[in-house]
Each structure stands twice: as structure tokens, then as C-alpha cells.
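J.: I have a structure I would like to understand better, so I am pasting it below and will then ask my questions one at a time.
The numbers here are math on the coordinates, done by the rules we state, and not lab data. For clarity, every value in this text was computed on a predicted model and none was experimentally measured. Cβ placement follows ideal geometry from the backbone for every residue including glycine, while neighbour counts extend to all protein chains displayed.
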Amino acid sequence: MTRAKKRKLTITLSADWRAGLKAAGKAAAKGIKTGRYQGEVLNFETPSVLFSRLTEKRWELVRLLQTIGPVGVRELARRAGRGVRRVHDDAQALIELGLIEKTDDRKLVCPYADIHVDMHVQAA
């Protein structure tokens with residue numbers, strides 16, 4: 001696993017997934033050319049999709065994991081003041097999105113030291 005200090009994530013909103021894929025390709029090419037890490041991107045098509053997948057409770061888990069480092073589900077639930085089953089379900093959703101990961105010893109960790117949400121709302 002890459003150290004959290006070296007990883008950053010930008011969360012974007014764009015209905016044009018092709019443009020997002022093209023931008024990711026350009027960033028990867030630049031990274032290969034320069035040998036420098038370009039960061040990672042997670043895109044959502046609409047604000048409603050973003051907010052349905054990244055609920056307030058899930059954001060809280062991400063923030064806790066950024067602060068405390070790798071922990072098991074039970075310890076994360078204890079620190080969040082929530083039930084183990086609900087935290088487990090939210091952690092699974094966050095793993096599917098790539099916001100958190102499991103370590104080799106099955107602990108949960110947020111690998112990103114910096115998460116930036118880039119959201120523009122424009123008139124049609």
C-alpha cells in the first residue's frame with residue numbers, strides 16, 4: 001500500500017464520462033513522462049449521485065480513518081459511536097468507491113492524505 005502522505009484524491013462531477021476518461025489518460029501520460037505522481041480522480045455524473053453514495057455518515061468514517069489510521073470495523077464503529085453492522089455496510093460502500101482500503105491484516109484505512117471535491121454548479 002502506498003503511504004497516505006503521497007496520495008491525493010480529487011472528486012469531480014461531470015456527466016461527460018468520456019472527457020473524464022480523456023483527462024485521466026492525459027494525467028497518466030504526464031505522470032509517466034515526468035515520473036511524478038499526478039493524483040487520483042473519482043467522478044460522479046450528478047450531485048445527487050455523489051450525495052447518495054457519499055453520505056454524511058460515510059464522510060465521517062473517511063475523516064476518522066484519515067485521523068486514526070488503520071483499524072478494524074469494530075473499533076471504527078466504537079469511535080464513530082455507531083453500530084458495527086451499519087459501519088460495516090458503509091465501509092463496504094466506501095471500499096467499492098475506492099475511498100478506503102483494507103490492509104493485509106484486514107484493517108480499514110483511508111489511503112488519501114488529501115481529498116478535494118471539485119464541484120461546479122452552472123446555469124443551463
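J.: Which residue out of 102, 22, 6 is over 30 Å from residue 122 (Cβ atoms) and either without any contact (Cβ under 8 Å) to a residue 12 or more places away in the chain or among the polar types (S, T, N, Q) (or both)?
T.: Values: 22 fails: over 30 Å from residue 122 (Cβ atoms); 6 fails: either without any contact (Cβ under 8 Å) to a residue 12 or more places away in the chain or among the polar types (S, T, N, Q) (or both).
After ruling out the rest, the residue left standing is 102.
J.: Right, here's the next one. Please find, within the stretch 9-19, the residue that is surrounded by the most Cβ atoms within 10 Å (Cβ to Cβ) out of those that are over 23 Å from residue 101 (Cα atoms) and touching a residue at least 12 places away in the same chain (Cβ under 8 Å). I'd like the intermediate steps shown before the answer.
T.: At the first step, the residues of the stretch 9-19 found to be over 23 Å from residue 101 (Cα atoms) are 14-19.
Still in the running and touching a residue at least 12 places away in the same chain (Cβ under 8 Å): 14-15, 17.
Values: 14: 17, 15: 11, 17: 10.
That would be 14.
J.: Tell me, please, whether a residue that is of a type in the set (Ser, Thr, Tyr), under 16 Å from the mean Cα position of the chain (by Cα) and under 21 Å from residue 90 (Cβ atoms) can be found in the stretch 38-52. Working first, answer last.
T.: Filtering the stretch 38-52 down to residues of a type in the set (Ser, Thr, Tyr) leaves 46, 48, 52.
Okay, now just the ones that are also under 16 Å from the mean Cα position of the chain (by Cα), so 52.
From what is left, the residues that are under 21 Å from residue 90 (Cβ atoms) are 52.
There is at least one residue in the stretch 38-52 that is of a type in the set (Ser, Thr, Tyr), under 16 Å from the mean Cα position of the chain (by Cα) and under 21 Å from residue 90 (Cβ atoms).
Residues checked against (1) surrounded by 11 or more Cβ atoms within 10 Å (Cβ to Cβ); (2) farther than 13 Å from residue 116 by Cα; (3) touching a residue at least 60 places away in the same chain (Cβ under 8 Å):
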position: 31; (1), (2), (3): yes, yes, no
position: 39; (1), (2), (3): yes, no, no
position: 45; (1), (2), (3): yes, yes, no
position: 50; (1), (2), (3): yes, yes, yes
position: 55; (1), (2), (3): yes, yes, no
position: 60; (1), (2), (3): yes, yes, no
position: 64; (1), (2), (3): yes, yes, no
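J.: Take the stretch 66-97 and flag every residue that is surrounded by fewer than 17 Cβ atoms within 10 Å (Cβ to Cβ), of a type outside the set (D, E, K, R) and closer than 18 Å to residue 42 by Cα.
T.: Hits for the stretch 66-97 are 92, 93, 95, 97.
J.: While we're on this one: Looking only at the stretch 81-109, which residues are farther than 25 Å from residue 10 by Cβ and of a type in the set (A, V, I, L, M, F, W, C)? Break it down into steps so the answer makes sense when it comes.
T.: Here is the first cut: in the stretch 81-109, the residues farther than 25 Å from residue 10 by Cβ are 81-89, 104-107.
Passing the criteria: 84, 87.
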